[in-house]
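All remarks here apply to the structure that follows.
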Amino acid sequence: MRTTKLTDTELEIAAYVYMGYETKEIAGFRKVAKATIQNQLGKIYQKLLFPPDRNDRVMLAVWYSEFANMGESTFGFSQTQRNRGEHDTQQGT
């Protein structure tokens, strides 16, 4: 049961931010423009009710850490990969 308003795509982007990837890298993984990821990050910040002056990646990473630790989502990333911030390109994510 999902307890967040984020879409699967938004949760995947949050996972990449949590693992330390830059916007350009996330865009490459998702095969979209950097501007698309920036737009999606803005929507994520709004949905999570982050203060407008504090829309930052650190807050998102902390939020995702708490979300993932509740067992809600790992998006195919093993616990080891999440801990190391690794991305397995063969997983298709």
Exercise for review: May I ask you to list the lysines whose Cα is less than 21 Å away from that of Lys5, ignoring any residue fewer than eight positions away on the same chain?
Suggested key: Lys43, Lys47
Study note, to complete from the structure: With label points set 7 Å from each Cα along the Cα-to-Cβ direction at Val58 and Thr9, the distance between them in nm comes to 3.0 nm
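All of the numbers you see were taken from the coordinates with simple rules; none came from a lab. Because the structure is predicted, anything quoted here is derived from the model rather than measured. No Cβ is skipped: glycine too gets one built from the backbone with ideal geometry, and neighbour counts run over all protein chains shown.
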